[in-house]
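Read-outs: derived from the displayed coordinates by stated rules, not from any lab. In this text, all values refer to a predicted model and were calculated from it rather than measured experimentally. Heads up, the Cβs are rebuilt from the backbone with ideal geometry, glycines too, and the neighbour counts pull from every protein chain shown.
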Amino acid sequence: MEKSIESIWKEGFIENNALVAPKLNDLYNQKSIDIVDKFRRMYKTNIIAIVLFAVILLPVATFVKIPYMGISFFFLFSVLVFFAIKFKKKLDAINKNTNSYQYLKTFENWTKEMTDFNTKLSRYLYPYVFLSMVAGFWFGSLGGDVPGENMVNLLQSKYPDMLVFFGVPLLGIIAAIIIIGLLAYFGGRIGEWDLKIGYGRILKRLDTLLADMEELRRNN
């Protein structure tokens, strides 16, 4: 009969012949269970929140006459949910038939893989968000006047010598390129900062617990 994770963790995270007080061993086992369970709940909650936000944003964006931004954001959140579910399946597939130390090391590797992926994705995500916002305010509502064109016409009436390419002021194009470049360059750091806000505290607890367990293993 397959062992449950609780029964395996009760066997300890170090060798059976190690001289470690059972109460101390149980304490680390319980901490391991708490960290993994809490992270699972947080990750699941975040996925649900993204789904709800995507579903709510689309009609709201249409109502306030920025449907193009709503559509592009809906697509973005759909992609994020797709990858989040893939990572959740990997998390659920982690082998529980190991002791608590081995299980936490596997979980740590999963968190690093997830963090690296999100960091790389963020280099494209934030420029996409910027372009979506610009498109939303530029094109306005479906089938109506185009606010961006109206703004350019107003500027041209005041500044007739203003350079325009494909209906967009040259200075606006230059500014957009600079912003996109900065977002792409700093996107990874922004993504790391975003993850730290959501999961930083629990990941710090994971690092501390693993360090304590490794120190205990070396001394026995």
**Request:** Please order Tyr185, Tyr128 by the number of other Cβ within 10 Å, starting at the fewest.
**Result:** Tyr185, Tyr128
**Item:** Lys112-Ser141 FRET efficiency (beta carbon distance; Förster radius 45 Å; 0.05 resolution)
**Value:** 0.50
**Item:** Mean Cβ count within 10 Å, highest first, over the residues of peptides 154-162, 85-93, 66-74
**Value:** 66-74, 85-93, 154-162
**Asked** Within the set Lys65/Lys196; Lys44/Lys65; Lys89/Lys120, which residue pairs have Cα atoms separated by over 29 Å?
**Response** Lys65/Lys196; Lys44/Lys65
**Item:** Rg over Rh, two decimals, the stretch 18-218 (C-alpha only, Kirkwood Rh)
**Value:** 1.17
**Request:** Round to the nearest 0.05 the FRET efficiency obtained for Lys90 and Glu192 when R0 = 22 Å and r is the Cβ-Cβ distance.
**Result:** 0.65
**Item:** For Phe82, Phe186, Phe77, order by how many other beta-carbon atoms lie within 10 Å, fewest first
**Value:** Phe82, Phe186, Phe77
**Request:** Could you check the simple spin-label distance between Val168 and Arg205, using points 7 Å along Cα→Cβ, in nm with one decimal?
**Result:** 4.6
**Request:** Could you grab the relative contact order for the stretch 44-121? Cα pairs under 8 Å, six or more apart, rounded to a whole percent.
**Result:** 24
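Where does each of Ser141, Ser78 land when they are ranked from fewest to most other beta-carbon atoms within 10 angstrom?
Ordered from fewest to most neighbouring Cβ atoms within 10 Å, Ser141, Ser78 come out as Ser78, Ser141.
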**Fill in**
At the level of C-alpha centres, the distance separating the stretch 56-77 and the stretch 85-124, in angstrom, is 31
